[in-house]
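Once you've had a glance at the structure underneath, I'll fire off some questions.
The values are calculated or read from the model by the stated rules, or taken from the named source; none is laboratory data. Values in this document were obtained by computation on a predicted structure and should not be read as measured data. We place every Cβ from the backbone using ideal geometry, glycine too, and count neighbours over all the protein chains shown. Remember, those area values only see protein heavy atoms, side chains included, never the ligands or the DNA or RNA. Shrake-Rupley method; radii C 1.70, N 1.55, O 1.52, S 1.80 Å.
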Amino acid sequence: MEFSNRVKSLPPYVFVELSRKKKQAIKEGRKIIDLGIGDPDKPTPKKIINFIKEASEKSENHQYPIGRGSKIFIDAIIEWMKKRFNVTVQENEVLALIGAKDGITHLPLAFVNPGDIVLIPDPGYPGYTSGTILSGGETYFMPLLKENNFLPDLNSIPENIYKRTKIMWLNYPNNPTSAIADINFYKKAISYAKKYNFIIAQDAPYCDIYFQDPPVSILSIDGAKENVIEFFSLSKTYNMTGWRIGYAVGGSKIIDGLATVKENMDSGTVSAIQEASANTLKYCDEEVIKIRELYKKRAMQCYNGLLNLGFNVLEPKATLYIWAEVPNGLTSMEFATKVLEECDVVLTPGIGFGSSGDKYFRIALTVDEDIMQVALSRLKKIKK
Ligand SMILES: Cc1ncc(COP(=O)(O)O)c(C=O)c1O
């Protein structure tokens with residue numbers, strides 16, 4: 001049995017060898033500290049669990065979830081966009097998702113034909129590439145470089161590429177670099193989107209995990225909406241990765257396209273989770289502050305710890321990640337392998353996010369401070 005050409009064209013999973021080594025180390029009984037995956041270690045807050053319990057008791061939540069999202073969830077998103085970003089949106093500009101990944105990977109199916117181009121940040125979240133390839137589109141990578149504050153250099157993209165572009169992916173606050181974008185950058189991106197008639201898909205699952213000023217929404221720019229879709233998620237903000245809930249907000253035509261693909265692919269987001277998420281967006285501001293403070297504390301500990309060990313580390317501005325330079329001229333994979341073998345610490349080699357990431361490694365801030373301290377002291381060996 002042959003896989004389809006679409007599946008065969010997906011990029012190879014670069015972590016195969018590293019995952020094998022990690023499993024082997026665990027089997028050997030070594031005490032591995034895993035700073036690889038960006039999955040919150042803390043449970044979903046009790047208040048939210050209670051919302052889920054209550055919502056799951058209601059029989060109206062036991063049938064197929066209807067349409068583009070339940071009214072209570074859509075209304076809460078509209079209210080949240082106003083409260084969080086001072087952005088006004090209508091019902092037909094909002095869509096419930098089974099996590100942001102659902103929308104990210106399905107969006108190209110709605111707008112990309114074979115031969116069309118999708119502009120993708122490098123390094124970037126792998127879903128941008130896989131969604132493009134599965135829809136028959138072509139990828140064009142935009143390097144995110146330290147000298148440009150990890151923003152793509154929009155002037156350097158050739159005109160013949162822009163002319164074939166259907167979607168430009170942006171992701172701020174950024175995974176893996178932790179960079180943020182300001183309104184002027186977004187304005188410039190929108191001027192290109194208007195000139196060449198493409199969609200800007202801005203992926204913002206980390207918009208509430210920030211350590212300085214709150215990030216703005218690209219939708220706060222006048223006239224942006226018809227070219228923009230912005231993706232949000234409850235996964236990281238509320239420790240809810242396991243519940244699979246996110247949403248998209250943007251121009252009604254773009255939302256229509258994505259909704260049409262999804263109507264043909266799935267039957268919506270679990271109603272009880274939508275109801276609980278509506279209450280979460282409305283009543284859990286305190287919980288967000290606590291979670292943000294936790295990551296800020298961890299980010300500063302890890303940042304200062306790595307600086308003290310002599311690493312070149314980027315100052316963390318947001319997200320649950322630290323992005324640091326690989327020392328001693330190694331590739332990121334060689335470095336990650338060495339760290340696993342010599343220190344029993346798992347981190348993510350930057351190459352996993354694209355070739356421009358190969359001089360870097362990513363640490364996920366998903367362990368408590370005492371465990372991070374042990375990890376940092378183990379890394380000392382590597383810097384000698
Ligand atoms: C940049 C980025 N986008 C999207 C996602 C997926 O989020 P969700 O859990 O809402 O599907 C992640 C998860 O790690 C991410 O880092």
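Using the Karplus curve 6.51 cos²θ - 1.76 cosθ + 1.60 with θ = phi - 60°, work out ³J(HN,Hα) for each residue of the stretch 223-233 in order, rounded to whole Hz, and write x for Gly and Pro.
Result, ordered by residue: x, 6, 3, 5, 10, 10, 10, 10, 9, 10, 8 Hz.
Calculated FRET efficiency, Gln24 and Glu334, Cβ-Cβ r, R0 25 Å, to nearest 0.05? List each step's numbers first, then the result.
Values: r = 18 Å, r/R0 = 0.71.
Calculated value: 0.90.
Taking DSSP loops as anything outside H, G, I, E and B, show the longest stretch in the chain free of chymotrypsin sites (Phe, Trp or Tyr not before Pro) there with at most 15 other beta carbons within 10 Å.
Numbers: sites that count: Phe3, Tyr13.
Looking at the chain, 14-384 is the longest stretch - no exposed chymotrypsin sites (Phe, Trp or Tyr not before Pro) with at most 15 other Cβ atoms within 10 Å.
Within the stretch 1-100, list the GluC sites (Glu not before Pro) lying in a DSSP loop whose Cβ has at most 14 other Cβ atoms in a 10 Å radius.
Within the stretch 1-100, the qualifying GluC sites (Glu not before Pro) (loop, at most 14 other Cβ atoms within 10 Å) are Glu2, Glu28.
How far apart, in nm, are two points set 7 Å out from the Cα along the Cα-to-Cβ line at Glu79 and at Lys380?
Between Glu79 and Lys380, the label points sit 5.2 nm apart.
Let me ask another. Which pairs, out of Lys253/Lys282; Lys101/Lys297; Lys71/Lys282, put more than 21 Å between their alpha-carbon atoms? List each step's numbers first, then the result.
Working: Lys253/Lys282 27 Å; Lys101/Lys297 28 Å; Lys71/Lys282 14 Å.
In this structure, Lys253/Lys282; Lys101/Lys297 exceed 21 Å between Cα atoms.
Between beta-carbons, use under 11 Å as the cut-off and find the net charge around Ser135, counting Lys and Arg +1, Asp and Glu -1.
On the way: positive: Arg6, Lys166; negative: Asp116, Glu138.
Every neighbour counted, the sum reads 0.
For the chain, what's the relative contact order in percent, using C-alpha pairs closer than 8 Å and at least 6 residues apart? Write down the numbers at each step before the final one.
Working: 731 pairs, mean separation 90.6, N = 384.
After rounding, I find 24 percent.
FRET efficiency for Lys297 and Asn86, Cβ-Cβ distance as r, R0 = 25 Å, nearest 0.05? Don't skip to the end; give the middle numbers.
Details: r = 29 Å, r/R0 = 1.15.
Step by step, r from the Cβ atoms, then E = 0.30.
Let me ask you something else. How much length is gained on full extension from Asn264 to Lys146, taking 0.36 nm per residue of separation minus their Cα-Cα distance? List each step's numbers first, then the result.
Details: separation 118, 0.36 × 118 = 42.48 nm, distance 4.11 nm.
Here the answer is 38.4 nm.
Let me ask another. With the cut-off at 27 Å, tell me which of the pairs Lys23/Lys296; Lys187/Lys317; Lys42/Lys225; Lys146/Lys262 have Cα atoms farther apart than that. Present the calculation step by step, with values, prior to reporting the outcome.
Numbers: Lys23/Lys296 30 Å; Lys187/Lys317 21 Å; Lys42/Lys225 35 Å; Lys146/Lys262 37 Å.
The answer is Lys23/Lys296; Lys42/Lys225; Lys146/Lys262.
Turning to a different aspect of this structure: Assuming 0.36 nm per residue, please report the length gained on full extension of the stretch Glu2 to Ile183 beyond their Cα-Cα distance. Walk me through the numbers before you get to the answer.
On the way: separation 181, 0.36 × 181 = 65.16 nm, distance 4.72 nm.
Result: 60.4 nm gained on full extension.
So what does Ser235 come to for accessible area, using a 1.4 Å probe and Å² rounded to 10?
10 Å²
Next question, about the same structure. I'd like the accessible area for Met240, computed on protein heavy atoms only with a 1.4 Å probe and all protein chains in place. Round to 10 Å², please.
Probe radius 1.4 Å; accessible area of Met240 about 0 Å².
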